[in-house]
Amino acid sequence: MAFSLHGVHVPHRKYTAGFPAELLETPKAVTIPLSMHIGAPAKAVVAVGDLVKVGTLIAEAGGAVSAPIHSSVSGKVTKITDFLLSDGRTVPAVVIEADGEMTPDENIAPPVVNSRETFIEAVKNSGIVGLGGAGFPTHFKLNADPAKIDYLIINGAECEPYVTSDTLTMENRGGDMKVALEAMKQWLGIKRIIIGIENNKKKAIEKMKELAAEVGNDCIATVKVLPPVYPQGGEKVLIYHTTGRVVPAGKLPLDAGCIVVNCTTLAAIGAYLQTGMPLVEKCVTVAGGAVKEPKNLLVPIGTPMAEVFAACGGFVTEPAKVVYGGPMMGITVPDLSAPILKNTNAILALTEQEIRTPKTTNCIRCGSCTNTCPFGINPAEIARAYQKKDAAALKKLELMSCMECGCCSFICPANRPLVQTNRLAKVFLKEEMTKEGKK
Amino acid sequence: MEKQFTLASSPHIHSGRSTQRIMLDVIIALCPAAIAGVVIFGWRALLVLAVTIASCVAFEALFNLIVKKEQTIGDFSAIVTGLLLGMNLPANIPIWQCVIGALFAMVVVKGLFGGLGNNPVNPAITARVFMLVAFGSMTVSAFPTLVDTVAGATPLALGTGQSPYTLLDLFLGTTGGAIGETCAAALLLGGIYLIVRRVITWQIPVAFIGTVFVCSFFMEGFNAVAALSMILSGGLFIGAIFMATDYVTSPVTAWGKIIFGVGAGLITFMIRYFGTYPEGVSFAILFMNILTPYINSWTKHKVFGTGGKKQ
């Protein structure tokens, strides 16, 4: 591998690093949207008035690319309402009033896994989706032809500023990760495992090296220490930096013989195999300049943000933006009723000062955007092509390769809304391509 | 909760780099050479610089007012153009010519094309060339690079190989020439500052100056001293470090910058040795400015995952 992909040096601000995960007090009620993953929304199997316990199935997978959803508290279903997702879709959400007991469902038992099929089935029943943020149903990703998988890459490159929950997983949940890795070796025929971590996570590297030694008895398991350049944890970036392989534009990691699993996703699989308790709680980094006491908290899925921030002492100043995930790719929320989702690894309350940007000027053609883009895309040219609504030019500029990592907007001295324009241009190009297809 | 927070596309943090800060860095980097120019050429040099800066800012402000555009003088780019223009003029130039030059740079070259970022050629360079063509015959003393008399004669106008100046004279700038172009030491200092501050990269200055050096070295019969005096003379340093590296009118990728620098170096060399003008830096940069869109399209990055590996 001759070259490293470009990226930006972000301020890490990982103030919660090393903070152990504290347990959140049982919330009064949880709101669980039936789509916390990429793919078809889950279908509700409970009705208003039903009594549920921790781990009770409340919605089953709504298709091949989907995931089941379980109750995160014990209590009573009080409402099934419409819920507006951040991508603009409206899906049902199950509202459960907690009884405060957190009684686990009596049917919870470790799954019986004795074949590749039963393993995939178990992962599917666990409700686990990509916990790094994307929320792609994990069982679907793992259900690949084992002959095609050369590498299993564990993503420990937690490159977003502020967020430390994945690092915490690597430091403390090596046991769960080991169980999952052993199962994947056995049932998916994994021969080579690479755990990719940035060099600013010393303790995690140590722990993961121990893990690699433990699981490396009948396969090659290594830890790849990477420079802390954002977006190191981007799937295609990580594959290139750990294996030297290039995922072709528009293709999946499997096309390059790789499967990438986030470290927390891996730990969740391990935990499910041991206990049978599906994914009902998440370790969430609560940070940002507006938060009084930043913490890592273990939160039942569906807990409104307001209760999570309250458990961190509330706000020292009024936040300007409240974000799901990190500041580079996170999604803003309108108010604090937004619930913790399966793929929420952090919630940030950012102050005016933290989100401050310079004055927007004309593009000065400095080339910083294309020179920092990990994929070498030229966002400034895309913006000009989009302004002219030139679909052919957008296609030629490889717009669809953009992973929306945010490097271009972050670095742009003219403060142009480059990522936002790329998103709009993608919608436009998709529409144009559909029109073309119909002709 | 009633409180509605700001909803916006990611990213939610910024590097803090700004157009204004970049322009300020260029101004800071130009200061040593400007100060050296005032020391060498006296108070008249200071007056020229003050007039070009003030008129560039005034013309940009006026233009924005007339065409009802948002005021842009706060981005400092007009100050940079004014400073560069003044530094490219001789200290004894008539003041009214400075004002006309500033008008040409800010309105004709920059404003009419859509302001910052949209001008196809560098405003200061183009104004200098315009003034050379327009006033060169009227005012002999306006461009010392054209002067044959001893007072104010530049090393280049004296002809190659017979420079009365030592390398040290040329390096310190105690020679004839435009206000800001003679002191190579100060220009080099500014260039290093810009590279350290990551405002510019090394490719254009090194390729530009390197090409002139190598070509002169061969032309002068492998005489390193003559080749060194060739690169230290005239407007090469100010052009290669400050004008050719203008973001708007130079290529964006590393290879594009190298092509730009080598091209500008070759043209400068050819004008200096074979052309009718003693100096060719301005023409070389202007010509390469026009080629920049083509260089950009030849040298754009290969997008990751499409065909071979990224450059």
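The values are calculated or read from the model by the stated rules, or taken from the named source; none is laboratory data. None of the values given here were measured: they were computed from a predicted structure. Positions of Cβ are generated from backbone atoms using ideal geometry, with glycine treated the same way; all protein chains shown enter the neighbour counts. Ligands, DNA and RNA are excluded from the accessible area calculation, which covers all protein heavy atoms including side chains. Shrake-Rupley method; radii C 1.70, N 1.55, O 1.52, S 1.80 Å.
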Quiz item: Using alpha carbon centroids, what distance separates region A:390-427 and region A:124-152, in Å?
Solution: 28 Å
Self-check item: Percent of Cα pairs exceeding the 18 Å cut-off, where the set is region B:258-302
Solution: 31 percent
Quiz prompt | Per residue Cα convex hull volume in Å³ - calculated over chain A | solution = 144 Å³
Quiz prompt | Fraction of antiparallel bridges per DSSP, the protein assembly as shown only, in percent to nearest 5 | solution = 60 percent
Exercise. Treat each spin label as a single point 7 Å out from the Cα along the C-beta direction, and report the B:VAL108 to A:ASP218 distance in nm.
Key: 8.1 nm
Quiz prompt | Cα pair count fraction exceeding 18 Å, expressed as % - region B:191-307 | solution = 49 percent
Quiz prompt | Between 0 and 90°, nearest 10: helix B:184-196 axis offset from chain B longest Cα axis | solution = 20 degrees
Self-check item: Label-to-label distance, nm, for residues given as A:GLU22 and A:ALA249 (7 Å Cα→Cβ offset)
Solution: 4.9 nm
Quiz item: If each of A:LYS79 and A:GLU210 carries a label point 7 Å out from its Cα toward its Cβ, how far apart are those two points in nm?
Solution: 4.6 nm
Quiz item: Which helices count as membrane-span-like in chain A under these terms: full DSSP H, at least 15 Å along the axis by C-alpha, Kyte-Doolittle mean of 0.0 or more?
Solution: A:263-275
Self-check item: Lys/Arg +1, Asp/Glu -1 at C-beta; region A:340-439 dipole; positive extreme among A:VAL419, A:ALA393, A:CYS366
Solution: A:ALA393
Quiz item: Can you tell which of A:GLY250, A:GLY55, A:GLY330 shows the greatest fluctuation in a Gaussian network model of chain A with Cα springs below 10 Å?
Solution: A:GLY250
Self-check item: Dipole magnitude of region B:246-311, debye to nearest 20 (Cβ charges: Lys/Arg +1, Asp/Glu -1, about Cα centre)
Solution: 420 debye
Exercise. Could you run the numbers on buried accessible area between A and B, total for both chains, 1.4 angstrom probe, in Å² to the nearest 100?
Key: 4400 Å²
Quiz prompt | Whole-angstrom gap from region A:177-253 to region A:51-115, using each part's C-alpha centre | solution = 31 Å
Exercise. Please work out whether region A:368-438 counts as rounded, prolate or oblate from its C-alpha gyration tensor, where a ≥ b ≥ c are the square roots of the eigenvalues and a/c under 1.5 means rounded, while otherwise a/b larger than b/c means prolate and anything else oblate?
Key: prolate
Quiz prompt | Debye, to nearest 20: dipole size of region A:368-438, +1 on Lys, Arg Cβ, -1 on Asp, Glu Cβ | solution = 180 debye
Quiz item: By how many degrees, between 0 and 90 and to the nearest 10, does the Cα long axis of helix B:43-66 differ from the longest principal axis of chain B?
Solution: 30 degrees
Self-check item: Cα shape, region A:116-275, gyration tensor, a/c 1.5 rule
Solution: rounded
Practice problem: Provide, as a two-decimal number, the C-alpha radius of gyration of the protein assembly as shown over 2.2 N^0.38 Å, N being how many residues it has. | Solution: 1.15
Exercise. Select from B:ILE95, B:ILE40, B:ILE27 the residue whose mean-square fluctuation is largest in a Gaussian network model of chain B (Cα-Cα springs shorter than 10 Å).
Key: B:ILE95
Quiz item: Rounded if a/c is under 1.5, else prolate if a/b is larger than b/c, else oblate: which is chain B, with a ≥ b ≥ c the root eigenvalues of its Cα gyration tensor?
Solution: oblate
Exercise. Please work out the Cα center distance from region A:308-323 to region B:87-109, rounded to the nearest Å.
Key: 56 Å
Self-check item: Computed E for A:ALA310/B:LYS69 - FRET, C-beta separation, R0 60 angstrom, nearest 0.05
Solution: 0.80
Self-check item: Those aspartates and glutamates that a straight Cα-Cα span of less than 13 Å connects to B:LYS302, excepting residues fewer than 8 apart in one chain
Solution: A:GLU398
Quiz item: Ignoring ligands and nucleic acids, what accessible area does A:SER86 show with a 1.4 Å probe (Å², nearest 10)?
Solution: 90 Å²
